[in-house]
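Q: Before we start, here is the structure in question, set down as structure tokens.
The values are calculated or read from the model by the stated rules, or taken from the named source; none is laboratory data. All values derive from a computational prediction rather than experimental measurement. Cβ coordinates were reconstructed from backbone atoms using ideal geometry, including for glycine residues, and neighbour counts include every protein chain displayed. Ligands, DNA and RNA are excluded from the accessible area calculation, which covers all protein heavy atoms including side chains. Shrake-Rupley method; radii C 1.70, N 1.55, O 1.52, S 1.80 Å.
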Amino acid sequence: MNNVATANPQFEIRNSQMPNPLSKLVNPRYPATALGFEKGIATMVQLERGRGGACSLRRAATVALPDSLIRPSFEEPNISDPAELTVALRELATSAGLLKQKKWSVALPDAASRTLILTLESAPASRAELEEVLTWKMERGFGVPLDELSISRERLQADSQGRDRYLVVATPDAILSEYESALHSLGWRAGLIVPRHIGEGQWLTLNGAAGDALLLSSSEKAFTAVVFRGKQPLIIRTVTCDAHECEDELHRLLLFYRDRRGGESEQAAQLSRMLIVGGLITKARAGEIVGETLGTSLRPLDAQDVGLQLTTRELSFDAIAAPAGLATLSWQ
């Protein structure tokens, strides 16, 4: 492995139910160190908290990986050569000065997991009926037997019609084991393993800003869009598409959001912030599509806007946004 970019400034689960970062009750003490995986790259960060809610990189590094080493998928094995990945992670941790760190939060490629918001059409008569309805919806939504998945579940605020909603995140057990084995080979342990967009979304919910917020997180042939209201997701969509198709898909999603807002009260929040991560749709073009569809002019947020101080231009916010977002959970 090579092409390691680092920042070392001098400053004065595996669980059968994955912990959900939206709930402090599950495990409020996450580490300030996090690791992110994506096709062609792995990233490590350690954050420290500053004044006024800001934070900065205490240590960080990225390493370029062969495109064939991590092939993000929900249905197929992700890691083609575990030994090669172990070597890359050791080199990455050494360059970042984090080799002795044992506890990590981990951001997986979005394609390795699936996230749904389940809405109940009517209130269940009993706990058993609730579990039956949710199980049925998850089986349809995830498309694989539930006993092959690690699933986290979080109850959300009811929608504008008073219907109960649940956020569910699933990753195949076999795929989780691949990433966990890579960490275990170095004596590391992951207390939190979640899809990339959950880490990136922390930057839009960190300081509780008013109004709705849009996260658009893209990879090679797909994007995940999340609309947040307050600290909770209102809409989540993952779309597989080629670059020339993604603009139309984003436009459709924004139309859905606009129509949904049309059925809400006049006091309902409006889209006021936008974070664009990844290059499938450029930040400028995404802003144009938002303006054309919603009639509002928004500038995509950068690291400084969300309270992260980058100390070097060698590290892009896009590369570290997911693991760094998970690292902020250490003080939430």
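Q: Lysines near Lys103 by alpha-carbon distance under 22 Å, same-chain residues fewer than 8 away left out - which ones?
A: Within the straight-line limit of under 22 Å, Lys103 reaches these lysines: Lys24.
Q: Place a +1 charge on the Cβ of each Lys and Arg in the stretch 187-261 and a -1 charge on the Cβ of each Asp and Glu, then give the dipole magnitude about the Cα centre in debye, rounded to the nearest 20.
A: With Lys and Arg at +1 and Asp and Glu at -1, about 460 debye.
Q: Another question about this same structure. Calculated from DSSP H runs of 4 or more alone, at -39500 (n - 2.57) each and per residue, what is the 222 nm mean residue ellipticity of the chain, nearest 500?
A: One gets -9500 deg cm²/dmol as the mean residue ellipticity at 222 nm.
Q: Could you give the size of the charge dipole of the chain about its Cα centre, using +1 on the Cβ of each K and R and -1 on the Cβ of each D and E, expressed in debye and rounded to the nearest 20?
A: Taking the Cα centre of the chain as origin, the dipole is about 1260 debye.
Q: Using only the Cα atoms of the stretch 189-291, build the gyration tensor, take square roots of its eigenvalues as a ≥ b ≥ c, and label the shape rounded, prolate or oblate: rounded if a/c is under 1.5, else prolate if a/b is larger than b/c, else oblate.
A: Here the stretch 189-291 falls in the oblate category.
Q: What are the residues whose amide H is under 5 Å from the amide H of Gln309, where those residues sit 5 or more places off or on another chain and H is modelled from the backbone?
A: Cys55, Ser56, Leu57
Q: Also, quick follow-up: Evaluate E = 1/(1 + (r/R0)^6) for Ala128 and His184, where r is the Cβ-Cβ distance and R0 equals 45 Å; express this FRET efficiency to the nearest 0.05.
A: Calculated value: 0.75.
Q: State the percentage of accessible surface on the chain attributable to carbon and sulfur atoms; use a 1.4 Å probe and exclude ligands, DNA and RNA.
A: The value for the chain is 47 percent carbon and sulfur by accessible area.
Q: Hey, another quick one. Extension gain Arg299-Glu148, at 0.36 nm per residue separation less the Cα-Cα distance, in nm?
A: Difference between extended and current length: 50.2 nm.
Q: While we're here: Thinking of the chain as a set of Cα atoms, what percent of all their pairs are more than 39 Å apart?
A: When every Cα pair of the chain is considered, 10 percent fall beyond 39 Å.
Q: Taking Lys283 as the anchor, which lysines have their alpha carbon closer than 20 Å to its alpha carbon, excluding any fewer than eight residues away along the same chain?
A: Candidates past the 8-residue exclusion: Lys221.
Q: Gain in length, Gln161 to Leu99, computed as 0.36 nm per residue apart minus the alpha-carbon separation, to one decimal in nm?
A: 17.3 nm
Q: Still on this structure, I have one more. Quote to one decimal, in nm, the extra length available between Asp81 and Glu48 on full extension: 0.36 nm per residue of separation minus the C-alpha distance between them.
A: 8.5 nm
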